[in-house]
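All remarks here apply to the structure that follows.
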Amino acid sequence: MTQQLIKHYGEPRLYEIWCEQNGMYGAASWLSRDFGYWVTPDVVRYLSYKFNWKRVITDLSLPVAQGIIQGTVDPSYYKHITISGLNEPAMEVIP
């Protein structure tokens, strides 16, 4: 499935879809509808790790952002996201 998606969309477009749909669950749902075959979130997760994708989260009210801000979630677990405006050394801010 990953090779079919890469061949059909290309890696740059898959990355855009992943960012626009807010991660693997939204992207898998969108791709399933658009591609016509069932795409699991694990396929999208694999692509994100394979290509080392990162996305910026600007909404600090999201549960993952709140967990990192409050210190209840280890930021190193979420290496695929950066939280814009967060000044923790473990999180990189992308302009």
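Give just the number: which of (1) over 19 Å from residue 62 (Cβ atoms); (2) modelled with pLDDT under 95; (3) open to solvent by 100 Å² or more (accessible area, probe 1.4 Å) does residue 20 not satisfy? Tallying (1) over 19 Å from residue 62 (Cβ atoms); (2) modelled with pLDDT under 95; (3) open to solvent by 100 Å² or more (accessible area, probe 1.4 Å), residue 20 fails exactly one: (1). Listed by first and then second residue, the pairs with beta-carbon distance under 8 Å, at least 6 apart or on different chains, first residue in the range 23-46 and modelled with pLDDT under 95, second basic (Lys, Arg) and surrounded by 13 or more Cβ atoms within 10 Å (Cβ to Cβ), are 23/55; 24/45. For residue 69, which of the numbered conditions (1) surrounded by fewer than 14 Cβ atoms within 10 Å (Cβ to Cβ); (2) assigned to a helix (DSSP H, G or I) fails to hold? For residue 69, the exception is condition (1).
The values are calculated or read from the model by the stated rules, or taken from the named source; none is laboratory data. Values in this document were obtained by computation on a predicted structure and should not be read as measured data. Methodologically, a virtual Cβ is constructed for each residue, glycine included, from the backbone with ideal geometry; neighbour enumeration extends over all protein chains shown. Surface areas here come from the heavy atoms of the whole protein model, side chains and all, with no ligands, DNA or RNA. Shrake-Rupley method; radii C 1.70, N 1.55, O 1.52, S 1.80 Å.
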